[in-house]
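Colleague: Here it is, the structure, as C-alpha cells.
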Amino acid sequence: MQEYIYEPDINYFKSIFKMFNYDDIDTDFLEEQLKSYTIQFRRMILNMNYTEPTEENGLPYISIKNYICYEAARLLTVNFVSNSDLINFIRTESLRLKELAIKDLSSIVVGENSYESVRLEGSIKKP
C-alpha cells in the first residue's frame, strides 16, 4: 500500500513503461526502488519547505508520480535497454518531469514561506 499520494505502485509503472519485459525484471526490486525514489523526493520537498501533496490539500502530484517512475526506469535502462534513443528519451523526460514537479510545487507556495511575506530590509540602490 502506498504511504504517499504521489508514490507510484508497480501497476502504475507498468502502465507507463510497456516496453520492458517484466519477466526478466525483479519486480520486488523495482517496488523497492519506487519507494526509495519516493522517499528521496519527499526529503527534497521538505528540505525546500514546500507543502507535501496529500489528498486533503489537493496539491498536484501526478508530475511527481511520473518523475519517480522515470527515475526508476533510468535505473532499469542500465541492464534492460540497449536502444540508445529510448535511454536518452527516458533520461530527458526524467529531467523534464522533475522540473515540472518542482514548478507545480513552487507555484503554490503559501504562508510564511511565500514571496508575499518576505520583507526587503536595507537600502536598495536604484539603477
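The values are calculated or read from the model by the stated rules, or taken from the named source; none is laboratory data. Every value quoted in this text rests on a predicted model; they were computed, and no experiment measured them. All Cβ positions, glycine included, derive from the backbone under ideal geometry; neighbour counts span all protein chains shown.
Colleague: Regarding region 29-45, can at least one residue be identified that is surrounded by 11 or more Cβ atoms within 10 Å (Cβ to Cβ), under 12 Å from Leu105 (Cβ atoms) and of a type in the set (A, V, I, L, M)?
Modeller: Looking only at region 29-45, we keep the residues that are surrounded by 11 or more Cβ atoms within 10 Å (Cβ to Cβ), and these are 29-42, 44-45.
Going one step further and asking which of them are under 12 Å from Leu105 (Cβ atoms), we end up with 41-42, 44-45.
Imposing the further condition that a residue be of a type in the set (A, V, I, L, M) reduces the set to 44-45.
Checking region 29-45: at least one residue is surrounded by 11 or more Cβ atoms within 10 Å (Cβ to Cβ), under 12 Å from Leu105 (Cβ atoms) and of a type in the set (A, V, I, L, M).
Colleague: Can you tell me which of (1) over 17 Å from Ile5 (Cα atoms); (2) part of a loop (DSSP other than H, G, I, E, B); (3) modelled with pLDDT of 85 or more is the one Glu56 doesn't meet?
Modeller: Going through (1) over 17 Å from Ile5 (Cα atoms); (2) part of a loop (DSSP other than H, G, I, E, B); (3) modelled with pLDDT of 85 or more one by one, Glu56 breaks only (1).
Colleague: From the list Asn11, Asn21, which residue is part of a loop (DSSP other than H, G, I, E, B) and polar (S, T, N, Q)? Don't jump to the end; show me each part of the working.
Modeller: Working: Asn11 fails: part of a loop (DSSP other than H, G, I, E, B).
Only one candidate qualifies: Asn21.
Colleague: Could you please let me know if Leu34 is in contact with a Cys (Cβ under 9 Å, 6 or more places away or on another chain) and closer than 20 Å to Ile16 by Cβ? Spell out the reasoning first.
Modeller: On the way: in contact with a Cys (Cβ under 9 Å, 6 or more places away or on another chain): yes; closer than 20 Å to Ile16 by Cβ: yes.
In short, yes.
Colleague: If Tyr50 satisfies every condition in (1) in contact with a helix residue (DSSP H, G or I) (Cβ under 7 Å, 6 or more places away or on another chain); (2) under 18 Å from Asp104 (Cα atoms); (3) of a type in the set (Ser, Thr, Tyr); (4) loosely packed, with under 14 Cβ neighbours inside 10 Å but one, which is the exception?
Modeller: Of everything listed in (1) in contact with a helix residue (DSSP H, G or I) (Cβ under 7 Å, 6 or more places away or on another chain); (2) under 18 Å from Asp104 (Cα atoms); (3) of a type in the set (Ser, Thr, Tyr); (4) loosely packed, with under 14 Cβ neighbours inside 10 Å, Tyr50 misses just condition (4).
Colleague: Could you please let me know if Asn66 is polar (S, T, N, Q), touching a residue at least 24 places away in the same chain (Cβ under 8 Å) and not in a loop (DSSP other than H, G, I, E, B)?
Modeller: Working: polar (S, T, N, Q): yes; touching a residue at least 24 places away in the same chain (Cβ under 8 Å): yes; not in a loop (DSSP other than H, G, I, E, B): yes.
Yes: the conditions hold for Asn66.
Colleague: Next question, about the same structure. Can you tell me which condition Leu34 does not meet? The list is (1) outside any helix (DSSP H, G or I); (2) in contact with an Asp or Glu (Cβ under 9 Å, 6 or more places away or on another chain), and all the others hold.
Modeller: That leaves (1) as the condition not met.
Colleague: Exactly one condition in (1) within 28 Å of Asn49 (Cβ to Cβ); (2) at pLDDT below 60 is false for Lys103; which is it?
Modeller: The one condition Lys103 does not meet is (2).
Colleague: Pick out the one residue from Glu52, Glu56 that is over 17 Å from the mean Cα position of the chain (by Cα) and acidic (Asp, Glu). If you could, list the steps in order and put the result at the bottom.
Modeller: On the way: Glu52 fails: over 17 Å from the mean Cα position of the chain (by Cα).
Only one candidate qualifies: Glu56.
Colleague: Restricting to region 74-100, give me the number of residues that are at pLDDT 80 or above, over 20 Å from Asn47 (Cα atoms) and surrounded by 10 or more Cβ atoms within 10 Å (Cβ to Cβ).
Modeller: Qualifying residue count for the region: 14.
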